[in-house]
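The values are calculated or read from the model by the stated rules, or taken from the named source; none is laboratory data. Just so we're clear, the structure is a prediction, and the values are computed from it rather than from any experiment. Don't worry about glycine lacking a Cβ; one is built from the backbone with ideal geometry, like all the others, and counts go over all protein chains shown. Surface areas here come from the heavy atoms of the whole protein model, side chains and all, with no ligands, DNA or RNA. Shrake-Rupley method; radii C 1.70, N 1.55, O 1.52, S 1.80 Å.
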Amino acid sequence: MNLRRDVFQAIADPTRRAILLLVASQSMTAGTIASNFGTARPTVSKHLQILTECELLKPEQNGREIYYHLNPQKMKEIAEFIEPFRKMWDDRFNKLEAIMKNYKND
């Protein structure tokens, strides 16, 4: 059975989130990415495969090396999904702050 992964399954794993943070600032090869983790390179390669399948990373061939870089469009999709939840929590914290200010002034 071939289950299609989505971006939220991909970012659920802490190692994959760490990989995204690594490549957010610059493109890296699989070897460079793997050197940042205490796991076997095939394990990191599997994470890269999942992130690539979900289009969070884009591989780019440069000579013999493949460089992975962040796909900002997919990251934007995640941000857009999360935005209503962020707004809800901001509103709740703002209300709590107002209540605390009133309590402090009493």
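Across 43, 52, the residue with the most accessible area heads the list, and the full order at a 1.4 Å probe is 43, 52.
Would you please classify the overall shape of region 8-47 from the alpha carbon gyration tensor, given that a ≥ b ≥ c denote the square roots of the eigenvalues, rounded means a/c under 1.5, and beyond that prolate means a/b larger than b/c while oblate covers the rest? The partial results should precede the final answer.
Details: a/c = 1.95, a/b = 1.12, b/c = 1.73.
It comes out oblate by the Cα gyration axes.
The accessible area of residue 25, taken with all protein chains in place and a 1.4 Å probe, comes to roughly 100 Å².
Its convex hull of Cα atoms gives region 21-71 a direction-averaged projected area, equal to a quarter of the hull surface, of 3.3 nm².
Residue order by solvent-accessible surface for 67, 103 is 103, 67, largest first, with ligands and nucleic acids left out and a 1.4 Å probe. Seen from residue 81, the other residues with C-beta closer than 14 Å to its C-beta sum to a net charge of 0, counting Lys and Arg as +1 and Asp and Glu as -1. Size descriptors for the chain: radius of gyration and Dmax over Cα atoms are 19.2, 69 Å.
Charging the Cβ of each Asp and Glu at -1 and of each Lys and Arg at +1, and nothing else, the dipole of the chain about its Cα centre rounds to 180 debye. Projected onto the charge dipole of the chain (+1 at Lys/Arg Cβ, -1 at Asp/Glu Cβ, origin at the Cα centre), which of 54, 25, 36 gives the Cα projection farthest towards the positive end? Towards the positive end, the residue furthest out is 36.
State to the nearest 20 debye the size of the charge dipole of region 30-83 about its Cα centre, where the only charges are +1 on K and R beta carbons and -1 on D and E beta carbons. The partial results should precede the final answer.
Values: 6 positive and 7 negative charges, 60 e Å.
It works out to roughly 280 debye.
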